[in-house]
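Accompanying notes for the structure given below.
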Amino acid sequence: MTQQQIDQQTGDEGTDRTGAAAVPQTAPETSRKSGQETGQPLLKVTDLQRYFPFREVQGLKMVRATVKAVDGISFTVRQGQTLGLVGESGCGKSTTSRLITRLDTPTAGTIEFQGRDITHLKESELREIRRDVQMIFQDPYSSLNPRHTVGTILSTPLKVHGLHQGKEKARVQELLELVGLNPEHINRYPSEFSGGQRQRIGIARALAVEPKLIIADEPVSALDVSIQAQVMNLLAKLRDELDLAFIFVAHDLGVVRHFCDQVAVMYLGKIVEYGDKKKIYEAPEHPYTQALLSAAPDINVARGIAPKERIRLVGDVPSPIDPPSGCRFRTRCWKAQDICAQQEPPLLSAQADESLRGKREGGLHLQACHFPEVKTDLVAEVESA
Amino acid sequence: MENPLNAMPGAAFEIEAEATPPPAVVAPEHKDVRTGRSPGQVAWDRLKKDKVAIVCAVIILFFILVAIFAPLLTALQGTDPTTGLPASPDRTNTDLVDIDGNPLVGMSPHHWLGVEPRLGRDLFARWAYGARPSLIIGFVAAAASTIIGVTLGLLGGYVGGAVDRVISWVVDFFLSLPLLLLVLAIVPIVQLRIAGGNDLTAEELSTIRFWVIIAVLVAFGWMGLARLVRGEVKSLREREFVQAARAIGVPTHQVLFKEVLPNLVGPIIVSASIAVPAYITFEATLSYLGAGLVEPTASWGRTISDAQNSFAIYPLWLWPSVIALSALVLALSLLGDSIRDAFDPTSRR
């Protein structure tokens, strides 16, 4: 095969095909447990909070305040499962991902990984966790050190964790093939790659340590739409082949629907609706979720089917420094009543008993609204007809 | 080589974009796929194509060679027929001046630039040896202040918190001091502290003064770079590749020196290359003002100071030092500019 052919097949955005090198990734790694551990969740986040204190000088006074970026969120991720975190900019999605990877330390709450509390581990104790939890970053132009070659970038995780000692180069080339890049390009610098290729390098770096959980912080939002599809397909393929769990942060509802098993909708640092993908997309109960979904472009319009009435939210997202009392969405909610300002709605199932906590037939579905729009199947049918 | 497509396990993934044939390679073409050029290499290549930079480098190299081979160049003048001794920058020759101190020898095969009025020292030897303190002070002070500035800047920018506040305060404090006034006052005091009481020769005192000047220049010259590096580090540490390194578990010192520092090579080299001519000028200024190098060390700044009152009568006393100092400082400054252009991607021509 000529060099040019290799280039065409593996070099650029053309394809997700990765060749035979995909297989060795699953080769047994002695001490690491693999396979489904359906009993215990891989990651359990409980009442996670992150407040950013800051000081501001107003005239002669020093005002102390806190930005409540993440304010008490809980969710679990199981082996091989994918959770989508969606919401507007500034709702705390990225802060949450930084907290789970422990690039930042939470103000309160706990993060358990495989049953071990990692909330307050020191950097030296985090090393094991760093092998199991990896991150894919949003901006492929900022996530690769412009001064290092691809080989250096991908061998750094191997060296830090002492993996594949003496055979780092072979492993790096294997990783490049795994993400559909030409292994010959090992000595190139990031500036010599396109955005999609750079993101593949970022994915390869995350995979280098054979993690169990990957947090992808808007991994495709900086890419062209055609490249987005390829990178998403690559991620989906790798997830299935390597049995990875994902936390997928995004504001693109279409991408999340394509990729995730469960979805958590965030608003101003809180989860307002959380459940199985099918439930969230087909029977959203929280007004905010409904508004988000109605704002997403609808393929039916292009097909000539009249669009549903679009919900237009009025006003901006309130400041997380001084969030509204009670329900945080009430300032923009068309259903808001007095109780919404007085009581904060808990994240509960709207239909089942509280004791069941949403473990009803048909899967998980929790929402935080005093007036959820519960559709019985009958009602749903009538409405959609 | 086996076609990887045949062995592809994920063939089922064919949605939207997958249906279209793979587009042609978009990546920049290279003669050899294995080569890649680091930003430093790119800057170096650009610098090599810069004519101004080449001319400046040649001029600087010339003065470096003059400084290194000063004894050799001086010896080329041979033995003075009057005194019967070889030329030397330090030895006074009263035989070569008349009773009023006027030199008896002008430009001649044994004294290419004539001799100094009053003391009768060989002017070419003093000129050649005068390149030494200028260059040594320029480069040593630039290197030392760069090391201090980068270290403190990295520390303050990356660690943050109280460390950063203390370092920033010290930087602000030093920047607020009136530099020239303080140096004029400090240099004699420091010298007195070190040499005070001891019975030292003029040469020893001159050497002490030389190092005191370097120390003082460094003490007041590191802040600019420290500030620059601190700011750069503060922005770099929020960049995603630093976050990625942390997420991988790379130890902090390795993050600093392997991830952050390589990205600062450009600004550091630029800053250092601009600092060299600045220090040389400052040394000459100090010597001119009388707070710099002292006799018997040959110094262009001192020579200019001594010669300025009689430059009309003895032009050879003044002009070689003025021309050499100007040419060296100009060449270093222009080279610094060229280096900055080479590292700045927006200035690509």
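The values are calculated or read from the model by the stated rules, or taken from the named source; none is laboratory data. Owing to the predicted nature of the structure, the values given are computational and were not obtained by experimental measurement. Positions of Cβ are backbone-derived with ideal geometry, glycine not excepted, and every protein chain shown enters the neighbour counts. The area values use the complete protein model at the heavy-atom level, side chains included, leaving out ligands, DNA and RNA. Shrake-Rupley method; radii C 1.70, N 1.55, O 1.52, S 1.80 Å.
Some observations on this one:
- Degrees between helix B:39-48 axis and first principal axis of chain B (Cα, 0 to 90, nearest 10): 50
- In degrees, nearest ten, helix B:161-176 long axis to first principal axis of chain B (Cα): 30
- Short-range pairs are left out: with C-alpha atoms under 8 Å and at least six residues apart, the relative contact order of the stretch B:51-347 is 23 percent.
- The stretch A:314-321 - phi-based ³J(HN,Hα) in whole Hz, Karplus 6.51/-1.76/1.60, Gly and Pro as x: 9, x, 9, 5, x, 5, x, 6
- Order by protection proxy (mean Cβ within 10 Å, highest first), peptides B:247-258, A:207-218: A:207-218, B:247-258
- Amide H contacts of A:GLY72 (H built 1.01 Å from N, in plane; Pro and chain starts excluded): A:LEU48, A:GLN49, A:ARG50 sit under 5 Å, all sequence-distant by 5 or more or on other chains.
- Between A:HIS251 and any residue 5 or more places off or on another chain, the built amide H atoms are never under 5 Å apart.
- Nearest 10 degrees, 0 to 90: helix B:265-289 Cα axis against chain B principal axis: 10
- Per-residue ellipticity at 222 nm from helix content only, as computed over chain B with -39500 (n - 2.57) for each DSSP H run of at least four residues, stands at -20000 deg cm²/dmol.
- A:ARG127 paired with B:VAL159, simple spin-label distance in nm, labels 7 Å along Cα-to-beta-carbon: 2.3
- In sequence order, calculated HN-Hα J values of the stretch B:218-226 (Karplus, 6.51, -1.76, 1.60; Hz; x Gly/Pro): 5, 4, 10, x, 8, 5, x, 5, 4
- Average beta-carbon neighbours from other chains, 10 Å sphere, peptide A:155-161: 4
- If R0 is taken as 41 Å, the Cβ-Cβ distance between B:LEU177 and B:ASP45 corresponds to a FRET efficiency of 0.50.
- Test item: A:192-203 mean partner chain Cβ contacts at 10 Å: 2
- With 24 Å as the limit, the listed pairs A:LYS167/A:LYS212; B:LYS234/B:LYS258; A:LYS159/A:LYS237; A:LYS167/B:LYS258; A:LYS44/A:LYS122 have A:LYS159/A:LYS237 beyond it between alpha carbons.
- Among B:ALA298, B:ALA312, B:ALA141: highest mean-square fluctuation, GNM of chain B, C-alpha pairs under 10 Å: B:ALA312
- Total accessible surface hidden between A and B, rounded to 100 Å², 1.4 Å probe: 4600
- Rounded, prolate or oblate (a/c below 1.5 giving rounded, otherwise prolate when a/b exceeds b/c) for chain B by Cα gyration tensor: prolate
- Across B:LEU181, B:LEU113, B:LEU205, mean-square fluctuation computed from a Gaussian network of chain B (C-alpha pairs under 10 Å connected) peaks at B:LEU181.
- Residue by residue along A:138-148, Cβ atoms of other protein chains within 10 Å of the local Cβ number 6 on average.
- Rounded if a/c under 1.5, otherwise prolate or oblate - the stretch A:168-319, Cα gyration tensor axes: prolate
- Shown are B:TRP300, A:TRP334, whose ranking by accessible area with a 1.4 Å probe and every protein chain present, most to least, is A:TRP334, B:TRP300.
- The phi-based Karplus calculation (6.51 cos²θ - 1.76 cosθ + 1.60; θ = phi - 60°) puts the 3J(HN,Hα) values of the stretch A:57-67 at 8, 10, x, 9, 9, 9, 9, 9, 8, 10, 8 Hz, whole numbers, x for Gly and Pro.
- Using a probe of 1.4 Å on the protein chains alone, the accessible area found for B:MET223 is around 10 Å².
- A Gaussian network model of chain B, with springs between Cα atoms under 10 Å, assigns the largest mean-square fluctuation among B:TRP222, B:TRP211, B:TRP169 to B:TRP169.
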